[in-house]
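K.L.:
Mind having a look at this structure? Questions to follow.
The values are calculated or read from the model by the stated rules, or taken from the named source; none is laboratory data. Keep in mind the model is a prediction, meaning the values are calculated, not measured. Note that we place each Cβ from the backbone using ideal geometry, even for glycine, and neighbour counts take in every protein chain shown. Just so you know, the surface numbers come from the protein's heavy atoms only, side chains and all, with ligands and any DNA or RNA stripped out. Shrake-Rupley method; radii C 1.70, N 1.55, O 1.52, S 1.80 Å.
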Amino acid sequence: MKTIAIASDHGGVELKNFLVEVLRSRGVSVNDLGTDGPESVDYPDFGRLVAMKVAKGEVDQGILICTNGVGMSILANKFPGVRAALVYDLKAARMSREHNNSNILVLGGGVTERPLAEKILEIWLETPFSGGRHQQRLDKIAQVERELGTRIKKDD
């Protein structure tokens with residue numbers, strides 16, 4: 001069974017809660033890392049939890065949601081091996097998987113309506129990575145991470 005970690009800040013909590021139910025209805029094991037209410041929180045605190053689990057291989061994929069998705073996307077892509085894709089439409093959902101093998105889906109809770117978010121999630125979950133020339137590009141990204149010394153400390 002696939003395991004997905006999900007988190008949001010206060011701007012994405014309603015959409016997060018909706019997608020948790022969608023995922024569970026599809027038989028996906030969900031690791032909900034918060035937040036759980038409308039009180040203001042800092043998105044890096046929650047985005048870090050999901051990105052770390054994905055980077056360490058503790059979950060198969062992740063989903064992050066903040067008001068517009070930009071902050072969560074910036075944060076998640078700081079982690080080695082994470083390929084977080086901020087997705088606003090169906091074509092980007094498909095291409096982020098086919099071409100980039102994205103392992104974290106980022107959505108904007110304040111700009112993405114539930115029906116569109118559900119369709120984006122469906123496409124993102126069901127679209128396989130096409131490999132080939134796209135794998136060569138991902139290998140180059142991994143090489144940049146190595147050259148920059150991007151790594152996770154053992155105690156994180």
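K.L.:
Specify whether the C-alpha gyration tensor of segment 1-123 places it in the rounded, prolate or oblate class, a ≥ b ≥ c being the square roots of the eigenvalues: rounded for a/c under 1.5, otherwise prolate if a/b is larger than b/c and oblate if not.
P.N.:
rounded
K.L.:
Continuing with this model, one more query. Report in % the part of the accessible area of segment 7-65 that belongs to carbon and sulfur, leaving out ligands and nucleic acids; probe 1.4 Å.
P.N.:
The C+S portion of the solvent-accessible surface of segment 7-65 is 43 percent.
K.L.:
May I pose another question? Please calculate how many Å² of accessible area the chain carries per residue, with a 1.4 Å probe and no DNA, RNA or ligand atoms counted.
P.N.:
Spelled out: the 1.4 Å probe surface of the chain, per residue, equals 52 Å².
K.L.:
Further question: Please state the charge dipole magnitude for the chain, taken about the Cα centre, from unit charges on C-beta atoms (+1 on K and R, -1 on D and E), reported in debye and rounded to the nearest 20.
P.N.:
Details: 21 positive and 21 negative charges, 149 e Å.
That gives a dipole near 720 debye.
K.L.:
Put ARG151, ARG137, ARG97, ARG83 in order of accessible area, largest first, 1.4 Å probe: what do you get?
P.N.:
ARG151, ARG137, ARG83, ARG97
K.L.:
Mean-square fluctuation check for the chain, GNM, Cα pairs under 10 Å: which of SER130, SER25, SER96 is largest?
P.N.:
Taking springs between Cα atoms under 10 Å, the residue moving most is SER25.
K.L.:
If you don't mind, another one. Using only DSSP helix segments of four residues or longer, with each worth -39500 (n - 2.57), what per-residue ellipticity at 222 nm results for the chain after dividing by its residue count and rounding to 500?
P.N.:
Only helices count here, giving -14000 deg cm²/dmol.
K.L.:
Dipole of segment 1-144 (Lys/Arg Cβ +1, Asp/Glu Cβ -1, origin at the Cα centre): which of GLY37, VAL82, ILE4 lies farthest to the positive side?
P.N.:
So the residue we want is VAL82.
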